[in-house]
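Notes follow once the structure below has been shown.
Read-outs throughout are calculated quantities, based only on the coordinates presented, and are distinct from any laboratory measurement. What you see is a predicted model; the values in this text were computed from it and never measured. No Cβ is skipped: glycine too gets one built from the backbone with ideal geometry, and neighbour counts run over all protein chains shown.
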C-alpha cells in the first residue's frame, strides 16, 4: 500500500485526478494496494471500493486468526479475501469518509467539521474543499467523472442529503475517539530518540534529538 496523494510531481502527471496531498479530492486521498501470494493469488486488477481499514481483517482471515467479539466490534473494515480470490465476487456498496484533520490545538474540532473532507460510495463523492470549515458541498459522479470536473450537487440534492447525513453520523461517532486531542507532546519525540540510539554514528554533529550540533 502506498501513501495517499502526490506532491510536486502531480504537476507532471496525476492520472487525471484532481487535487494532491492534503486535499479531499481523489488526487489527495486515493491510494493503490498490491497483494502478492505466488501459487495462491492469481494476477488481476480489482476496481471495487476498498480502504486501509480493510487490511487488518484481510490479514487476519488469511492467517486463519479468529477475532474475539471485543476485537471484531472495533473492526470497521471488511476482509478483501473474496476479491483477492475472485475480482468479480459480490461486494456490497459502502460509504468511506476522509478528513484532512487539521485544526488549531485547543480549538473546538466542530469548528473544523467541514474543513477539507469527503464522503463517498462506489459512484458518488461528496467533497468540501473549504479550509475554513464552511459547509459547501460539491458532488461528483466518479464513475463517469473520475477527474471530479463537474459538480452535480444542484442536480442531485437527494444524493447530497443522503451522504451529508452519513457524514454527520460518522463525525458524531469519531469525536469521542479523539483521546489524545489535548495531549502534550514531549520535549523530544520518542521515535526520534529511539532511532538515534539505534542508528547513531560517528561525527561531532550526530547528537541526540533536542540538542544542538557542535560548532565546527
Per-region count, the range 66-104, residues over 25 Å from residue 25 (Cα atoms) and either without any contact (Cβ under 8 Å) to a residue 40 or more places away in the chain or outside any helix (DSSP H, G or I) (or both):
19
Hey, can you tell me all the residues within the range 169-204 that are in a loop (DSSP other than H, G, I, E, B) and either touching a residue at least 60 places away in the same chain (Cβ under 8 Å) or over 24 Å from the mean Cα position of the chain (by Cα) (or both)?
178, 181, 182, 184, 186, 187, 188, 200, 201, 202, 203, 204
Any chance the range 51-60 includes a residue that's closer than 24 Å to residue 89 by Cβ and part of a loop (DSSP other than H, G, I, E, B)?
yes
Of all the residues that make up the range 72-108, how many are closer than 29 Å to residue 138 by Cα and crowded, with 16+ Cβ neighbours inside 10 Å?
10
Residue list for the range 41-77, restricted to those being within 17 Å of the chain's Cα centre (by Cα) and under 21 Å from residue 177 (Cα atoms)
51, 52, 53, 54, 55, 56, 57, 75, 76, 77
Given the conditions (1) surrounded by 11 or more Cβ atoms within 10 Å (Cβ to Cβ); (2) assigned to a loop (DSSP other than H, G, I, E, B); (3) in contact with a strand residue (DSSP E or B) (Cβ under 9 Å, 6 or more places away or on another chain), which single one is not true for residue 122?
(3)
Yes/no for residue 19 being assigned to a loop (DSSP other than H, G, I, E, B), in contact with a helix residue (DSSP H, G or I) (Cβ under 7 Å, 6 or more places away or on another chain) and either free of Cβ contacts under 8 Å to residues at least 12 places away in the same chain or closer than 21 Å to residue 139 by Cα (or both):
yes
Per the filter on the range 134-168, residues over 19 Å from residue 17 (Cβ atoms), surrounded by fewer than 17 Cβ atoms within 10 Å (Cβ to Cβ) and over 19 Å from the mean Cα position of the chain (by Cα) are 134, 135, 136, 153, 154, 155, 156, 157, 158, 161, 162, 165
